[in-house]
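A short reminder: the numbers here are calculations on the coordinates, not readings from a lab. Treat the numbers as computed from the prediction; the structure is a model and nothing was measured. Please note: Cβ atoms are built from the backbone with ideal geometry, for glycine as well, and neighbour counts cover all protein chains shown.
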Amino acid sequence: ARWYPTLVGLEDGRVLSVSGLDDVGAILPGDNEIYDPKTKKWGKGPFHYFPTYPALFLTKGGKLFYPGANAGYGPADKGREPGIWDLKKNTFTKVPGLTDTDQLETAASLMLPPVQDQKVMVLGGGGVGESKKSTARTAVIDLKQDSPAFEAGPDLPQGTRYLNSVIMPDDTVFTSGGSEDYRGRGASNILKAQSYDPKTNTFKEAAEPTVGRNYHSEALLLPDGRVATFGSDSLYGDKDNTKLGKFEQRMEVYTPPALHRGKDRRPVIGSGPENAERGTTVTYESADADRIATARLMRPSAVTHTTDVEQRSIELGLKKTGGKLSVTVPDDPTLVPPGWYMLFVTDTDGVPSEAKWVKVA
Ligand SMILES: [Cu+2]
């Protein structure tokens with residue numbers, strides 16, 4: 001029995017289920033399991049303890065990276081340090097450099113785009129349990145280095161738990177919402193959003209959301225290039241914490257600036273294959289081929305409790321010839337795990353197309 005686990009899609013299509021609470025609500029000591037869709041059976045996974053909803057990212061070569069971000073439950077002094085988990089040898093190698101390591105619960109984390117850069121970012125987070133602490137810290141680690149270590153990134157506007165972070169087709173990261181205190185206590189929802197650019201390692205202010213988002217809130221990239229945010233579970237409904245909170249049912253949709261430049265400016269991906277094999281090139285009709293600058297395969301998110309280990313953006317090789325776009329998928333299942341993806345192209349002005357759904361076997 002297991003609830004609040006993280007499900008990590010592996011390079012061969014199997015799914016590793018990690019941590020969680022058992023049927024009486026006690027945290028599992030480390031008995032992880034693997035589901036194989038080919039045999040439709042569960043088997044034993046490598047034994048290792050993590051707090052619930054650990055953020056675990058499939059990295060190049062097949063090891064998992066744990067930035068320390070998690071969604072709580074479990075003791076404060078166990079399984080909270082970041083490191084690299086070798087599933088085959090079941091070894092865990094800690095990585096240095098991260099600050100505010102006592103505030104990794106409810107932190108956001110993601111593999112920065114494109115995934116070939118092998119950089120993982122951690123944003124915000126709070127103290128363990130109902131702690132009042134939260135941090136504005138962000139940090140980035142480059143896993144391509146021989147001895148990877150976290151380096152400080154730009155601070156968030158304030159201490160933030162439950163930050164939503166979404167990879168965008170133009171290789172920026174849209175972040176919004178969260179609250180400064182545990183579950184929005186003391187009316188601490190943060191009505192701010194910002195766009196992070198991995199190339200410059202800076203935040204830029206984005207349009208402010210009007211609905212607060214804390215615990216049990218999510219944000220997803222839509223196939224049309226916008227971002228939907230939904231949910232939130234404030235513990236209290238007022239500043240003095242005297243009334244019970246209500247589950248947030250309003251959704252909001254964020255339209256990035258590039259989509260305000262005119263509907264007819266968006267490049268269009270025309271007809272072409274729905275399946276793409278790794279290591280091969282697939283070709284799509286496109287009247288806009290000449291002005292396309294980048295092509296990305298973006299994995300749809302599976303996000304809950306500020307944990308989204310599915311989202312990733314893969315840089316594709318790009319060739320343009322007379323009204324046709326040819327994109328090449330990397331020949332590496334640890335970069336491109338099997339499944340459905342959204343194919344986006346972005347033009348030289350930074351305007352993205354709508355997505356075309358493409359399956360990588
Ligand atoms: Cu929950």
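Things to note:
- Estimated inter-spin distance, E130 and N201, nm [label 7 Å along Cα→Cβ]: 3.9
- Working note: Debye formula, equal point scatterers on the alpha-carbon atoms of the chain, no solvent; log10 I(q)/I(0) at q = 0.09, 0.10, 0.11 Å⁻¹ is -0.49, -0.61, -0.74.
- In Hz, Karplus ³J(HN,Hα) per residue of the range 83-97 (6.51, -1.76, 1.60; θ = phi - 60°; x = Gly, Pro): x, 10, 9, 8, 5, 6, 8, 6, 10, 10, 9, 5, 10, x, x
- Out-of-range pairs (alpha-carbon distance over 30 Å; input K44/K132; K60/K356; K63/K132): K44/K132; K63/K132
- Distance between modelled label sites at W42 and T255, nm, 7 Å Cα→Cβ extension: 4.5
- Between the range 46-81 and the range 133-175, the C-alpha centres lie 17 angstrom from each other.
- Taking only the alpha carbons of the range 215-334, we obtain Rg and Dmax values of 19.7, 66 Å in that order.
- Think of each Lys and Arg Cβ as +1 and each Asp and Glu Cβ as -1; about the Cα centre, that makes the dipole of the chain roughly 360 debye.
- Between K359 and Q145, the C-beta separation translates, for a Förster distance of 45 Å, into a calculated FRET efficiency of about 0.85.
- Distance between the C-alpha centres of the range 109-129 and the range 281-302: 25 Å, rounded to the whole angstrom.
- The 3J(HN,Hα) values that the Karplus relation (6.51, -1.76, 1.60; θ = phi - 60°) gives for the range 11-19 are, in residue order, 5, 9, x, 6, 10, 8, 9, 10, 6 Hz. Gly and Pro appear as x.
- Computed E for K319/E81 - FRET, C-beta separation, R0 30 angstrom, nearest 0.05: 0.10
- Placing +1 on each Lys and Arg Cβ and -1 on each Asp and Glu Cβ, with no other charges, gives the range 261-360 a dipole about its Cα centre of roughly 180 debye.
- 5 angstrom amide H check on Y236, placed H, neighbours 5+ away: G245
- The mean sequence separation of alpha-carbon pairs under 8 Å and at least six residues apart, normalised by the residue count of the chain, gives a relative contact order of 13 percent.
- Within the range 1-17: backbone nitrogen closer than 16 Å to the V24 label point (7 Å, Cα to C-beta): 1-3
- The residue among G279, N90, G62 whose Cα reaches farthest toward the positive pole of the charge dipole of the chain, with charges on the beta-carbon of Lys, Arg, Asp and Glu, is G279.
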